[in-house]
Amino acid sequence: MNYELDRITDIYNKLIGPTNELLDRNTGSIVINEDKVLSINEINGLHIEYNKITDGVEINIHVDADIRINDPVHLCVGMLPSEGRQVIRSRIYIHRNAYVKFLAHCIFQNAKHIEHIMDSEIYLEDSAEMIYKEEHFNSDDGEIYTYPKIIGEIGNNSRLSEEFKLIHGRAGNINIDYDIKQNEKSSCDIMTKIFGKKKDNIKIKESLYLNGPYASGTATSRVVLIDNAKSNVFGEIAGNAPYTRGHVDCQEVISDGDAYASATPKISVNNPLSQITHEASIGRVNKKELETLMAHGISKDEAIQLIVRGILR
Amino acid sequence: MDFDRLLEIKNLYFNINGKDILKDINLTVKKGEILPIIGVNGTGKSTLASIIMGLSGYKPTRGRIIFKGEDITDLSVTARAKLGITLAWQIPANFEGIAVREYLSINNKMSPEEALNFVGLNPKSYMDRILDDSLSGGERKRIELASVLSIKPSLVILDEPDSGIDIASMDIILNVIHELKKNGSSVILVTHSKRMATIADKLVLMCNGNIVKKGDAKKIIKFFEHYCKSCGHIGKIDEGVLNEL
C-alpha cells in the first residue's frame, strides 16, 4: 500500500470503522486523495473510469442493466493536506433495472483552508434504483468550502434516494445545489442534515421537477445552528404532470447564540391533478420536547443535545 | 412535621393578564396516594399539573409548593425531576430520530424491555421504533407510561392519560397506576373519566380555578355528573348544592 492510502485508511478506521469493506476485492470502491486515485476496485457490473483534471479527478461510473449490487459501493474522497482545492466531477449512470447503493465518505480532517467541489451528474434509466449516502468528516477549526452539486434525471419507474450528512467537525461554508428531473412513476427522496456552529454559512437548494405522471418526491432538510452560524434553505418541488405528489419539509433549529436561519419552500403545480405540500419551521428547540426530557431528570443542556442529535441522526 | 406528606400546595394563585386561573389552591398529596383531580374543561386542572412540574410559563403568582419538606416553588423542571416528580403530558411530545430504547433508557431504573411489556407493547416490535408520528397516539401514550414506570418517581402527574385511547388501553393505564402505587409512587391523576377517577377512595373536584372539594370519590363523581357536566357556568358552585357532598 502507498503512504497516502495508509493515511486515508487510518483516518477512515478512526472516524468511520474498519476498512475491510473499503479495501475488500469483492466490494466496489474508489479512494481519492487530492487529485490522485489511490485505489479502485471494480466488481461484476460496476465500471469505474477516471481521468485527472485540474485540481481533481473526473469519474464515470456505470452500473450495467439488470445488475443488482447488494453490497454498498464505497466512494472515499479526501484531502490529506490542510490547504488546497479539490474538484471531483462525477457522472453516474445506473442502467435499466439495476440497483446500487453508494456510501460516500468525504474526509477533510486536517482542513485549515480547503475548497471541495463535487459536481455530479446522476442518470437513472427506467426501473433502476440508486441509494446515495454522503457523509462528511471535517476538521473542527478549519475553513472549508464545500460545493456539492447534483444534476440528475430519473427514468420511468426508477427511484433515487440521496442523503447528505455532516458527521463531524465544522460545516464551514457549504453550498448545496441539487436539481433533479423525474419521469413517469419515478420517486426521489433527498435529505440534508447539517450542524452549523461558529461562523459556518450553510446554503441548501433542493429542487425536484416532477415531470412524469405519478412521479413523487420529498425534499427534506434539517439544520441545527449555534453561535453565529447562518443557514439559508430553499426547497422546491414542481408538479408538472398529473398525479404527481411531492412534499418539501424544512426544519431549522437555532439552539443557542446569535445564529440566523431562513427557509424558502417553493411549490408549484401546473396540473390540477398534482398535489404538492410543504412545511417549514424555524425556531428554538421545541419547548414541550425539552421539558419532557427535563421531566425525566436530565439537564436542559443534555436535553438539547439529545434532541439535536435526534434531528440530525 | 407529617412525614406522610409528600406534596403540599399552599395558598397558590396563578394569574395571566390580570385573570386568576388558579385561586388559593391548598392541596396535600400523601406518600403512595392516588389522587384524581376532576373538573370540566377550563377549570385549571392541567394548569395545576404544569405548575407542580415547574414548566416554563407556569410560575405561581403567589403561594408555595413543598415537596418532601423542601420548598420547590423556584426550582427548575430538572431539579424537581431529580427530587422525584415527573409528568406525563396529555399529548406526549414526538422526538425525531430518538428511538424508544434510547428514550426508555433515560435515568431508568427498569429495563426498557420490562417497561414495554408492562404497557402491552412487544419490545421486539417497538424498541427500535422512532418516537415520531409513525406511532399512533395510543402507542405513544403507552410508551410515555412505560417511561414513567421505568424512572420510578416519587410523584407522577398523569394529565388525562385516558384521552384519545381505546378501551383496552384503559385497562393498561389502570394497571400502570396500580404498579406505580405498588412501587411506592404517589399519583396525581387529571381526568374526566369516571372509571379512571374511581381508582381512588378520595378525589379532588375543581371548578373555575378553585378546589371546591376533596373527599369521597363516589360522592364527588355523583355530584360531578349531576351538576358539573351539565353546568354551563364556569363560576362558583352554589353553597347549598355543595352541601350535598
Determine whether A:Val308 is within 14 Å of another protein chain (Cβ to nearest Cβ) and either surrounded by 22 or more Cβ atoms within 10 Å (Cβ to Cβ) or in contact with a Leu (Cβ under 6 Å, 6 or more places away or on another chain) (or both).
no
Quick count over the stretch A:3-18, residues being in contact with a Ser or Thr (Cβ under 6 Å, 6 or more places away or on another chain) and not in a helix (DSSP H, G or I), is 0
Kindly indicate whether any position in the stretch A:268-287 is touching a Leu at 6+ places or on another chain (Cβ under 7 Å), under 22 Å from B:Ser56 (Cβ atoms) and not hydrophobic (A, V, I, L, M, F, W, C).
no
Look through the stretch B:154-168, keep the residues that are touching a helix residue (DSSP H, G or I) at 6+ places or on another chain (Cβ under 8 Å) and at pLDDT below 85, and return whichever of them is farthest from B:Asn107 (Cα to Cα).
B:Asp166
Please tell me if A:Asn232 is within 16 Å of A:Lys197 (Cα to Cα) and either open to solvent by 40 Å² or more (accessible area, probe 1.4 Å) or not in a strand (DSSP E or B) (or both).
yes
Only one of A:Ser90, A:Ser127 is in a strand (DSSP E or B) and either of a type outside the set (A, V, I, L, M, F, W, C) or closer than 24 Å to A:Lys193 by Cβ (or both). Can you tell me which?
A:Ser90
If we take the stretch A:19-61, then strands (runs of 3 or more DSSP E) inside it with 1 or more residues that are open to solvent by less than 20 Å² (accessible area, probe 1.4 Å), in contact with a Cys (Cβ under 8 Å, 6 or more places away or on another chain) and among the aliphatic types (A, V, I, L, M) are A:29-33
Which of (1) under 30 Å from A:Ile154 (Cα atoms); (2) within 14 Å of chain B (Cβ to nearest Cβ); (3) not basic (Lys, Arg) is the odd one out, the single condition A:Ala303 does not satisfy?
(1)
Please go through the stretch A:256-300 and pick out each residue that is among the acidic types (Asp, Glu) and more than 11 Å from chain B (Cβ to nearest Cβ).
A:Asp256, A:Asp258, A:Glu279
Residue selected from the stretch B:55-65 under the condition more than 7 Å from chain A (Cβ to nearest Cβ) and within 17 Å of the chain's Cα centre (by Cα), by the criterion least open to solvent (accessible area, probe 1.4 Å):
B:Ile65
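If I ask for residues that are farther than 18 Å from A:His168 by Cα and open to solvent by 10 Å² or more (accessible area, probe 1.4 Å), which ones from the stretch A:72-86 would you list?
A:Pro72, A:Glu83, A:Gly84, A:Arg85 - these are the residues of the stretch A:72-86 that are farther than 18 Å from A:His168 by Cα and open to solvent by 10 Å² or more (accessible area, probe 1.4 Å).
The values are calculated or read from the model by the stated rules, or taken from the named source; none is laboratory data. Note that this is a predicted model, so its numbers are computed, not measured. Positions of Cβ are backbone-derived with ideal geometry, glycine not excepted, and every protein chain shown enters the neighbour counts. SASA here: full protein model, heavy atoms, side chains in, ligands and nucleic acids out. Shrake-Rupley method; radii C 1.70, N 1.55, O 1.52, S 1.80 Å.
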